[in-house]
Number of protein chains: 4
Amino acid sequence: MSKALKVGVIGLGFFGSRHARIYNDHPAAELIAVCDSDPERTALVARETGAQGFNDLRALLALPDLDAVSICLPDRLHEEAAVAAAEAGKAILLEKPLAHDSATARRIVVAVEKAGVRFMVGHILRFDPRYVQTFHAAAPERLGAPIHLRAKRNGIRATARRLGSSSSILFYMGVHDVDAMQWIARSRINRVYAQKVELLGTGNEDALYAVVNFENGAIGNIDYSWAWPDGLMNGFRSSLEIVGTKSATYLDCTDQGFYVVEDGGTSGGDTHLWPEINGRIVGDLADELDHFVKATLSGKSYLQDYREAFDAIPVLDALAQSARAGLPVEVVR
Amino acid sequence: MSKALKVGVIGLGFFGSRHARIYNDHPAAELIAVCDSDPERTALVARETGAQGFNDLRALLALPDLDAVSICLPDRLHEEAAVAAAEAGKAILLEKPLAHDSATARRIVVAVEKAGVRFMVGHILRFDPRYVQTFHAAAPERLGAPIHLRAKRNGIRATARRLGSSSSILFYMGVHDVDAMQWIARSRINRVYAQKVELLGTGNEDALYAVVNFENGAIGNIDYSWAWPDGLMNGFRSSLEIVGTKSATYLDCTDQGFYVVEDGGTSGGDTHLWPEINGRIVGDLADELDHFVKATLSGKSYLQDYREAFDAIPVLDALAQSARAGLPVEVVR
Amino acid sequence: MSKALKVGVIGLGFFGSRHARIYNDHPAAELIAVCDSDPERTALVARETGAQGFNDLRALLALPDLDAVSICLPDRLHEEAAVAAAEAGKAILLEKPLAHDSATARRIVVAVEKAGVRFMVGHILRFDPRYVQTFHAAAPERLGAPIHLRAKRNGIRATARRLGSSSSILFYMGVHDVDAMQWIARSRINRVYAQKVELLGTGNEDALYAVVNFENGAIGNIDYSWAWPDGLMNGFRSSLEIVGTKSATYLDCTDQGFYVVEDGGTSGGDTHLWPEINGRIVGDLADELDHFVKATLSGKSYLQDYREAFDAIPVLDALAQSARAGLPVEVVR
Amino acid sequence: MSKALKVGVIGLGFFGSRHARIYNDHPAAELIAVCDSDPERTALVARETGAQGFNDLRALLALPDLDAVSICLPDRLHEEAAVAAAEAGKAILLEKPLAHDSATARRIVVAVEKAGVRFMVGHILRFDPRYVQTFHAAAPERLGAPIHLRAKRNGIRATARRLGSSSSILFYMGVHDVDAMQWIARSRINRVYAQKVELLGTGNEDALYAVVNFENGAIGNIDYSWAWPDGLMNGFRSSLEIVGTKSATYLDCTDQGFYVVEDGGTSGGDTHLWPEINGRIVGDLADELDHFVKATLSGKSYLQDYREAFDAIPVLDALAQSARAGLPVEVVR
């Protein structure tokens, strides 16, 4: 390995702190800078990783040696950071969602394209063996024409309470499945109808159900909730299925293969997304960052074109609009 | 047991032939007559059970000793048979759906009420331990207020092909879950939006997805398909979940607990609905008929009031209308 | 139904009280007497069912009208009750195990045969759709020759604590699987090796593992435990698999298809053995008693020959002896 | 990254070819040489990876730049290759099992220790999130004292046929679980009893069942088979459970979360061990090699001490001896 990618991480919450640890352990990456508006958090991660700590992202971006950044900020802060990083000429890994609405997403894309920098959106499911194998099994020659797709992403109410109004069910969780459905169906969603409900008072919707149409004629079913009681085994449920004219394929993330039984009940744990084993974070997130590092260094294409990530945002906008209006809405692109 | 219920079965297809066998094995029932328009089928069941065979249901209904009938005919023949049975003064177990549209359902109910006969609709899920326990776990004091409900009923394309245009996905399968959702939510559906798709050319819809609203404010998600390839393990998938403000409960009928492994693959089998073991049909269907026999003899109320079965039909009509129109539809009752 | 079977239940603990309720609800049975050494328990069940209460089983057996009895006493009291019932000329349903050792089992069988009464041992798995379908799938023409069988029956430590020294892991739980393995393999176990462990101080073994040989050359693996923490989902785990030269079949009772999610965790419930739904006990136990009533009335053979139940007891004796001695033991018959 | 580890792979079968691909994709490794006795296979892998091809392992080991080797040969060829690699001063990753008997294992260890080279045995379960999390959940402060452990590893008969007499069920599959049980129980097996069966004529045992004792007083149950029909979903079943005085923990690898449904049935796929997604091999095997590369470069300890791998071999010897003799055998160390 002749050269390592010099990386910074902006935003050191749940995801950013994991990005920092993964880069720090990656042989082709060198974590040189981390940044968070919270000085204590910054100092902690800087101390753990040996990276330089910043509280101002522009100071971090001014580092001349810096090659690339992970942006792991709340949704509404994506634009400022991404545009600044683009203008600073850095390769960017932006945690999903690309942005919290279509107009913002478009401005980010314009800035990135204008600056000519590398740009990848962190759609982790593109690195999950269950989703990737479903994608391959749904190739037209195996699946035939898609007939119907169903996607579920359900979590616990503790998550909704923790995020409060800083995100929403659609942009925090929903973007995963809208991207996955369009990717796996090889087609875009062009019409949606959604209903939501708010009874728990978490500052967010409790749940949103939708029926959607794809350009290729398939129909889709979307099931989002973070209203489950906190005792839900493993804390979340996600599944996706696609039935085609020739075959069908599905994935179900309910079973993680690992259980602890105590007097009070049986519980589980994550064995796919970002399990920490042997002192390191492995699994999908680590694989995503590995790809970002290698493809940035080699100049090869990222697995997900950012235009596909962009294609999910107008669908989320339409879903939100339909849930408010109570009527079907065409997706405007 | 001082007296047995003298029973006849009208329609001897998949369900009718099972009704006949179950009655024939029931100590408080006496199967005295069976009827089908197909003389060979009638002769076969008559020979197996010792019951008298008829090809005309009115001849069967004219038997003076006959106390009760099971009607297991195709949906569109329900009215004629049910009205005739009511006029003949017989207690009636009518296989679901009550009827193939609201107007017909209403006429059947009027005839039954006018005749003053006992009347039960065969909603088998009301006798499935998974659904019944879900119903009890969803009692308001345990569940709190319902937030969202999701129901799935998916089968294989062989079923759609076999039925052709004699039924529809909504009336053959969908009625189960519309009834179950309203029963478990303790609330009625009052607004629906549906989309369907037809690519397989089976003479039926392939799938129908819907989002619905309940009178109590909860939202619902409906996932119906009989487009799955015929190799789907156990041949169907059904599940139902309800999340409330205090707890949540769900059931999933994917796992039947029994598997056969051969060189060509792993397959399963039914262990709940109507498994045949030790030469008899047991499980939910047998329990439903046991209830019908006992409650008819004792004069006690049937577990499902037929007005609840009736309440499902306008929802199905609205779903069909919405799927055609592509717009939300209010349920007219 | 010309005549009902007049039944009594001896022993009104967990199983006996359920037997009483099931008979009381059965159209071909008439529960006329119940008996327990505890006067309060007797009075309670007598009041609930309308049956006459006894505290002395010989007084119950002296009822001239009584046709049949269920004996649901602790293992070590089986002999006295079964012999007395046989001498009184009653048909007998004896809850498993037949007896707590081979010598006692033999004395019971001798008494029954001498008296010429009907005799069935309550091996409930013979009425479980998962086990019965496994039995049929393991028919020689489908399975070929059996190669290996594995049976698991694991429960929670609360059960071991509750039973204390009144039963043992082998006779309370183990008899199920020894009977099931011999039944499904169509062959008897003739050599065993077992190890047990006692760390929890429940007054019972915590667990017993064994490797066994069948007369037909197959090998078997036995996994018994009631050492699991009380929070084990559904409270037990049982599974059985058999691999043959042509195919294999297995059952797994882990999944019951029904779940409740609360803040503290996810729990389940029984949907097969003796679920109480709609105010009645249904499932395997109800089906077992239904068979006992009908076959006793009709004079037809019971599904399980008591000699097969008897064949399990020497295997349990050998397992216990091997666990004590730490050496393989031949089964003496 | 200042320096990459120069690696060679010896043996290019199922595992060796995967090792080669993984190293070739690893930023801190440089695959410089591959070796197989089959010239075509060698040429193929050399062409795909750009490494230099050898047919003689001593020629490969003579490369002065070479830092480390993966040895992926059949069990009986481990000694020659490992001793030669040790004498050549290379760091060694030896695919499990360490050797095909204790005496050979000892000679390998002696050679490695004499040469003073780094030495790791490829026990992949030490890198599987399900097994590693089970190990951590079974820490004494959480689990208490171990009471009983059960391990299952079952595969299809095609594997047994493919390997013929070149390996055995104990050394090919069994070594995984003997190592895992001793690791997770924090105790060694000191007494075993096993029975095996051979009906399929694959050139190998069909199955082996065993009951074992641990030094700490726990008992163990071992369930090995490669007699399953080839249609077993995912091709294998593995599970492991440990019940302790304070809690219990288990893992079950049956569910891989991914399914394909076709007319002929439902099948699955690997999502943990070595799934190939996005053109690369990820999962446990890739993580194991990543650890080998990094720890070799950094000089840090390998996660598994080779003495633990060595500790498994005498248990396998004892199991084989017991299965032949039909008696319990003490493990000789």
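The values are calculated or read from the model by the stated rules, or taken from the named source; none is laboratory data. Since this is a predicted model, take the numbers as computed values, not measurements. Every residue, glycine as well, gets a Cβ built from its backbone with ideal geometry; the counts of neighbours run over all protein chains shown.
Just a few scattered comments:
- Evaluating B:Asp255 against the criteria (1) part of a loop (DSSP other than H, G, I, E, B); (2) crowded, with 20+ Cβ neighbours inside 10 Å leaves one unmet condition, (2).
- Complete set of residues in the range C:23-42 that are more than 12 Å from C:Lys294 (Cα to Cα) and surrounded by 22 or more Cβ atoms within 10 Å (Cβ to Cβ): C:Leu31, C:Ala33, C:Val34, C:Cys35, C:Asp36
- The range A:3-16 - residue that is over 22 Å from the mean Cα position of the chain (by Cα) and among the aliphatic types (A, V, I, L, M) and, of those, modelled with the lowest pLDDT: A:Ala4
- Residue count, the range B:197-250 (criterion: closer than 22 Å to A:Gly144 by Cα and among the polar types (S, T, N, Q)): 3
- Residue list for the range B:251-282, filter: of a type outside the set (S, T, N, Q), within 7 Å of another protein chain (Cβ to nearest Cβ) and in contact with a helix residue (DSSP H, G or I) (Cβ under 7 Å, 6 or more places away or on another chain): B:Leu251, B:Cys253, B:Gly257, B:Phe258, B:Val260, B:Gly269, B:Pro275, B:Ile277, B:Val282
- Sub-7 Å Cβ pairs linking a first residue in the range A:132-149 that is without any contact (Cβ under 8 Å) to a residue 24 or more places away in the chain to a second residue that is of a type in the set (A, V, I, L, M, F, W, C) and surrounded by 17 or more Cβ atoms within 10 Å (Cβ to Cβ), at least 6 apart or interchain, are A:Val132/D:Ile277, ordered by first then second residue.
- Close contacts from the range C:73-85, counting a first residue that is in a helix (DSSP H, G or I) and a second that is surrounded by fewer than 23 Cβ atoms within 10 Å (Cβ to Cβ) and among the small types (Gly, Ala, Ser), with Cβ to Cβ under 6 Å and a gap of 6+ residues or different chains, come to C:Asp75/C:Ser167; C:Val83/C:Ala111.
- Only a single criterion out of (1) touching a Cys at 6+ places or on another chain (Cβ under 9 Å); (2) touching a residue at least 60 places away in the same chain (Cβ under 8 Å) is not satisfied by D:Gly257, namely (2).
- Helices (runs of 4 or more DSSP H) contained entirely in the range C:134-249, each with at least 1 residues that are within 14 Å of chain A (Cβ to nearest Cβ): C:157-163
- Selection status of C:Thr245, surrounded by 19 or more Cβ atoms within 10 Å (Cβ to Cβ) and either on the phi > 0 side of the Ramachandran plot or touching a helix residue (DSSP H, G or I) at 6+ places or on another chain (Cβ under 8 Å) (or both): no
- Taken over the range C:157-172, the residue count meeting the criterion of being surrounded by fewer than 22 Cβ atoms within 10 Å (Cβ to Cβ) and more than 14 Å from C:Asp317 (Cα to Cα) is 8.
- Hits in the range A:97-117 - residues which are surrounded by fewer than 20 Cβ atoms within 10 Å (Cβ to Cβ) and in a loop (DSSP other than H, G, I, E, B): A:Asp101, A:Gly116, A:Val117
- When B:Glu40, B:Glu48, B:Glu80 are screened for being within 19 Å of B:Gly122 (Cα to Cα), of a type in the set (D, E, K, R) and at pLDDT 95 or above, only B:Glu80 passes.
- Every residue from the range D:49-72 that is under 23 Å from the mean Cα position of the chain (by Cα), over 28 Å from A:Ala295 (Cα atoms) and part of a loop (DSSP other than H, G, I, E, B): D:Cys72
- Scanning the range A:283-305 for residues that are of a type in the set (Lys, Arg) and at the interface with chain D (Cβ under 10 Å from one of its Cβ atoms) turns up just one, A:Lys294.
- In summary, C:Asp263 fulfils each of the numbered conditions (1) among the acidic types (Asp, Glu); (2) surrounded by fewer than 23 Cβ atoms within 10 Å (Cβ to Cβ); (3) modelled with pLDDT of 95 or more with the single exception of condition (3).
- Residue count for the range B:311-333 satisfying the condition of being buried (at least 19 other Cβ atoms within 10 Å of the Cβ) and more than 12 Å from every other protein chain (Cβ to nearest Cβ): 10.
- Each residue in the range A:286-333 was checked for being closer than 21 Å to A:Val69 by Cβ and not in a helix (DSSP H, G or I), and 7 pass.
- Filtering the range B:17-28 to residues that are in contact (Cβ under 8 Å) with a residue 60 or more places away in the chain and within 19 Å of the chain's Cα centre (by Cα) leaves B:Arg18, B:His19, B:Arg21, B:Ile22, B:Tyr23.
- Test: residue in the range D:29-48 that is among the hydrophobic types (A, V, I, L, M, F, W, C), in contact (Cβ under 8 Å) with a residue 40 or more places away in the chain and not in a helix (DSSP H, G or I): yes
- If the condition is being of a type in the set (D, E, K, R) and within 15 Å of D:Tyr23 (Cβ to Cβ), then the range D:37-62 contributes only D:Glu48.
- For B:Ala20, the requirement of being crowded, with 20+ Cβ neighbours inside 10 Å and in contact with a Ser or Thr (Cβ under 8 Å, 6 or more places away or on another chain) is met.
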